[in-house]
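Structure, as structure tokens:
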Amino acid sequence: MRRVIITGGAGFIGSHLCDRLLQRGLHVICLDNLLTGSADNIAHLLSNPRFSFRHYDVSEYLYVEGGVDGILHFASPASPVDYAQMPIHTLKVGTLGTHKALGLAKAKGARFLLASTSEVYGDPDVHPQPEDYWGHVNPVGPRGVYDEAKRAAETFVMAYHNAHGLDTRIARIFNTFGPRMRRNDGRAVPAFITQALTGEPIAVFGDGSQTRSLCYIDDLIDGLERLLFSDHHLPVNLGNPGELTVMELAELIRRLAGSSSPIELRPLPVDDPRRRCPDISTARRVLGWEPRISLEDGLARTISWWTEGGPHARIPGVQSSARPGVGTAAGAPGSQEE
């Protein structure tokens, strides 16, 4: 494999994937309409002769000249705030965008990797969630535009695999965090960090007893790379099986940030999953993969990026050295999650 396309390559996960595949020696074409991605995420790559960026809406049209060995489809809004503001675009990029990306892969004879999501499991009745669980999704709820688009995307991928013999991969990505997340994307980690660092109340939805499983970005990228270069075409969960409550997460971030922000309870959003935890038996068996960066270490690195990163990363008014504990490994690395 020499030349790959990454749709959504200027996004949080996509930009880290660009980094990794360039380090591997590949030529990377990043396609992104910058609706939720950021040019800041790939600015450091623009001088690399093996990297190119193209402003592109893959739900409208997709063509790249020349040979292509792999297409990695990561284009999609990926947070509840995004779904609420851009429901039609979310639905279109997951369905029409996936169809167009698969069509290009077929035309080029390229391997195809879909960034699917743990949201295909909905508010699960099975816990932890294995790949053979079919899910519990509300198709007419506010999250349905994302959940059902990703479920349809998986169906598209398997149809192209079965009907056309396309070489495909499906990654079901569980909650992932780390540098380059958007502060205002509505997800718990960036929201809690921003609130803790600015002294604002940390807003916990519901009573905080709902659970999440959080994987640091470096671990996820390692899993995606292994999946891309494996020969496994069925869905694979990629996430951290270390489960904690949202309240525990808020308290941990407050401690790591050295913050005195109070914790305030807010009404639980519609269809918010009660529990989320991956069964990663398949990833362990097929890919030899499991997370290695502890939650505390990953959170400390993420807080450091917010306080010491570039201008696009810093939170206005927060000094880089103002918070104790930031930038240090708060826990030894070890097996501990859109």
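The values are calculated or read from the model by the stated rules, or taken from the named source; none is laboratory data. These figures come from a predicted structure and were not determined experimentally. We place every Cβ from the backbone using ideal geometry, glycine too, and count neighbours over all the protein chains shown.
So here's what we get for this one:
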{"read-out": "Residue 26, sole failed condition from (1) in contact with a Phe, Trp or Tyr (Cβ under 9 Å, 6 or more places away or on another chain); (2) surrounded by fewer than 24 Cβ atoms within 10 Å (Cβ to Cβ)", "value": "(1)"}
{"read-out": "Unique residue being touching a helix residue (DSSP H, G or I) at 6+ places or on another chain (Cβ under 8 Å), at pLDDT 95 or above, under 19 Å from residue 110 (Cα atoms) and part of a loop (DSSP other than H, G, I, E, B) when the list is 25, 9", "value": "9"}
{"read-out": "Check on residue 34, touching a His at 6+ places or on another chain (Cβ under 7 Å) and assigned to a loop (DSSP other than H, G, I, E, B)", "value": "yes"}
{"read-out": "Positions within segment 195-217 being surrounded by fewer than 17 Cβ atoms within 10 Å (Cβ to Cβ) and either among the aromatic types (Phe, Trp, Tyr) or within 18 Å of residue 11 (Cβ to Cβ) (or both), in sequence order", "value": "205"}
{"read-out": "Filter result for residue 153 (crowded, with 17+ Cβ neighbours inside 10 Å and either of a type in the set (Gly, Ala, Ser) or within 19 Å of residue 90 (Cβ to Cβ) (or both))", "value": "yes"}
{"read-out": "Tally, over segment 156-189, of residues that are of a type in the set (S, T, N, Q) and over 25 Å from residue 270 (Cβ atoms)", "value": "2"}
{"read-out": "Matching entry among 91, 166, 114 (being in a strand (DSSP E or B), at pLDDT 95 or above and buried (at least 19 other Cβ atoms within 10 Å of the Cβ))", "value": "114"}
{"read-out": "Residue satisfying condition, being closer than 24 Å to residue 222 by Cα, within 19 Å of the chain's Cα centre (by Cα) and part of a loop (DSSP other than H, G, I, E, B), within set 190, 179", "value": "179"}
{"read-out": "Residue within segment 127-145 that is under 24 Å from residue 34 (Cα atoms) and in a helix (DSSP H, G or I) present", "value": "yes"}
{"read-out": "Matching option when the condition is under 29 Å from residue 39 (Cβ atoms), surrounded by fewer than 17 Cβ atoms within 10 Å (Cβ to Cβ) and modelled with pLDDT of 95 or more, among 229, 192", "value": "229"}
{"read-out": "Segment 94-103, residues that are surrounded by 19 or more Cβ atoms within 10 Å (Cβ to Cβ) and over 23 Å from the mean Cα position of the chain (by Cα)", "value": "none"}
{"read-out": "Strands (runs of 3 or more DSSP E) enclosed by segment 216-312 - at least 1 residues per element that are in contact with a Leu (Cβ under 8 Å, 6 or more places away or on another chain)", "value": "235-238, 243-245"}
{"read-out": "Residues that are modelled with pLDDT under 95 and closer than 20 Å to residue 221 by Cα, drawn from segment 39-84", "value": "77, 78, 79"}
{"read-out": "Neighbours by Cβ (under 7 Å, 6+ apart or cross-chain): first from segment 54-73, farther than 27 Å from residue 226 by Cβ; second of a type in the set (Gly, Ala, Ser)", "value": "59/97"}
{"read-out": "Residues of segment 254-302 classified as polar (S, T, N, Q), surrounded by 15 or more Cβ atoms within 10 Å (Cβ to Cβ) and within 17 Å of residue 202 (Cβ to Cβ), total", "value": "3"}
{"read-out": "Single condition residue 243 does not satisfy, out of (1) farther than 30 Å from residue 1 by Cβ; (2) in contact with a Lys or Arg (Cβ under 6 Å, 6 or more places away or on another chain)", "value": "(2)"}
{"read-out": "Residues that are within 19 Å of residue 22 (Cα to Cα) and crowded, with 21+ Cβ neighbours inside 10 Å, drawn from segment 52-74", "value": "68, 70, 71, 72, 73, 74"}
